[in-house]
Amino acid sequence: MAMSTGSTVRVGLVTGALLLLLCGGRGGERVLAAAPINTPHLDTVLRQMDAASKSFKSAQANIRREIFTKVVNDTDEQTGIIYFLRKGGTTQMGMKMTSPPEQVMEYKDGKVRVYTPGTKHLDEVSAAGDNKARFDTFLTLGFGGSGRDLESAWTIQDDGTESVSDGEKMVSTEKLDLVSNDPDVKKTVSRVTIWMDPVRDVSLKQILYFPNGNSQTAFYSKIVQNKSIDMKPFTIPCKDKCS
């Protein structure tokens, strides 16, 4: 099923920036311009990411998301599981949110699908050309992406080292503030802040800031890398029979 404009907004709250990139965005809030700080320490962090990216095959984690809506000054929370899987030169991902509402999202073969079990409703968007490149940029943001790719797509400000819990222990991370080098992306996502573990090439926390003042914060815990992924929880059980 093709996604209408109205359903894009609804599903965008679940999938974050990925679907919003397809429908564009409006300005109206100041975009914080991150000045690149090309310090030796930042270069070390990015080169660590380069090295870890070469051996990255997959990652699976628990995810907790806080979705802040400025107009009502309210924050919703969702929990679930997520995976990233690299096949050749492409990355696919799946996410199952278990509370509330229950939804399953999949990005595979250049297509985004979002299924709502409660209504048996399926939304679908195809990504091609520049849109696919933007999707891939966000998909690998902190999960298997190389430091060189990060430098190419984003203006980076290094905000220093912070310890963040990975659900089992405290991990030393590098806090990076990112502003996209793509003007179309900046219309949709003002900036992104990630807390990177460069040794494993994974992020433990991400915040997406939107031009309308909304934001989404994701916390990743109990990350398992380069292991076989059980796809059953991420399976979308319908095709044509979905509403």
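Among the conditions (1) under 21 Å from Lys227 (Cα atoms); (2) out of contact with any Lys or Arg (no Cβ under 9 Å at 6 or more places or on another chain); (3) of a type in the set (Gly, Ala, Ser), the only one that Ser146 does not satisfy is (2).
Is there a residue being among the aliphatic types (A, V, I, L, M) and surrounded by fewer than 21 Cβ atoms within 10 Å (Cβ to Cβ) anywhere in the range 196-206? Let's see the steps before the verdict.
First, pick out the residues of the range 196-206 that are among the aliphatic types (A, V, I, L, M): 196, 199, 202, 204.
Then keep just the ones that are surrounded by fewer than 21 Cβ atoms within 10 Å (Cβ to Cβ); that gives 199.
Within the range 196-206, one or more residues are among the aliphatic types (A, V, I, L, M) and surrounded by fewer than 21 Cβ atoms within 10 Å (Cβ to Cβ).
Within the range 66-96, being among the charged types (D, E, K, R) and within 24 Å of Lys132 (Cβ to Cβ) holds for Arg86, Lys87, Lys96. Scan the range 70-91 residue by residue and report those that are closer than 18 Å to Leu141 by Cβ, surrounded by fewer than 17 Cβ atoms within 10 Å (Cβ to Cβ) and of a type in the set (S, T, N, Q). Result: Thr90, single match.
Each row is one residue, and each column tells you yes or no for (1) touching a residue at least 40 places away in the same chain (Cβ under 8 Å); (2) under 16 Å from Ser203 (Cβ atoms).
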{"residue": "Thr79", "(1), (2)": "no, no"}
{"residue": "Leu85", "(1), (2)": "yes, no"}
{"residue": "Met105", "(1), (2)": "yes, no"}
{"residue": "Asp109", "(1), (2)": "no, no"}
{"residue": "His121", "(1), (2)": "yes, no"}
{"residue": "Asn131", "(1), (2)": "yes, no"}
{"residue": "Leu139", "(1), (2)": "yes, yes"}
{"residue": "Gly142", "(1), (2)": "yes, yes"}
{"residue": "Thr155", "(1), (2)": "yes, no"}
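Working only within the range 66-84, note down all residues that are touching an Asp or Glu at 6+ places or on another chain (Cβ under 7 Å) and of a type outside the set (S, T, N, Q). Break it down stepwise before answering.
Within the range 66-84, the subset touching an Asp or Glu at 6+ places or on another chain (Cβ under 7 Å) is 66-67, 75, 77.
Hits for the range 66-84 are Glu66, Ile67, Glu77.
Taken over the range 149-164, residues that are under 21 Å from Pro183 (Cα atoms) and either touching a Lys or Arg at 6+ places or on another chain (Cβ under 8 Å) or open to solvent by less than 20 Å² (accessible area, probe 1.4 Å) (or both) amount to 3. If you take the residues in the range 53-69 that are within 16 Å of the chain's Cα centre (by Cα) and within 19 Å of Gly88 (Cβ to Cβ), which one is surrounded by the fewest Cβ atoms within 10 Å (Cβ to Cβ)? Of everything passing the filter in the range 53-69, Ser58 is surrounded by the fewest Cβ atoms within 10 Å (Cβ to Cβ).
The residue list Gly110, Gly118 contains one member that is farther than 25 Å from Ala52 by Cβ and open to solvent by less than 20 Å² (accessible area, probe 1.4 Å), which is Gly110. Just need a number here: residues in the range 179-190 that are open to solvent by 20 Å² or more (accessible area, probe 1.4 Å) and either over 19 Å from Asp149 (Cβ atoms) or touching a Phe, Trp or Tyr at 6+ places or on another chain (Cβ under 8 Å) (or both). Within the range 179-190, residues that are open to solvent by 20 Å² or more (accessible area, probe 1.4 Å) and either over 19 Å from Asp149 (Cβ atoms) or touching a Phe, Trp or Tyr at 6+ places or on another chain (Cβ under 8 Å) (or both) number 2.
This table checks each residue for (1) open to solvent by less than 20 Å² (accessible area, probe 1.4 Å); (2) modelled with pLDDT of 90 or more; (3) under 24 Å from Glu77 (Cα atoms).
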site: Asp130; (1), (2), (3): no, no, no
site: Phe135; (1), (2), (3): yes, no, yes
site: Gly167; (1), (2), (3): no, yes, yes
site: Asp177; (1), (2), (3): yes, yes, yes
site: Val192; (1), (2), (3): yes, yes, yes
site: Tyr209; (1), (2), (3): no, yes, yes
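The values are calculated or read from the model by the stated rules, or taken from the named source; none is laboratory data. Keep in mind the model is a prediction, meaning the values are calculated, not measured. Every residue, glycine as well, gets a Cβ built from its backbone with ideal geometry; the counts of neighbours run over all protein chains shown. All accessible areas refer to the heavy atoms of the entire protein, side chains included, with ligands and DNA or RNA removed. Shrake-Rupley method; radii C 1.70, N 1.55, O 1.52, S 1.80 Å.
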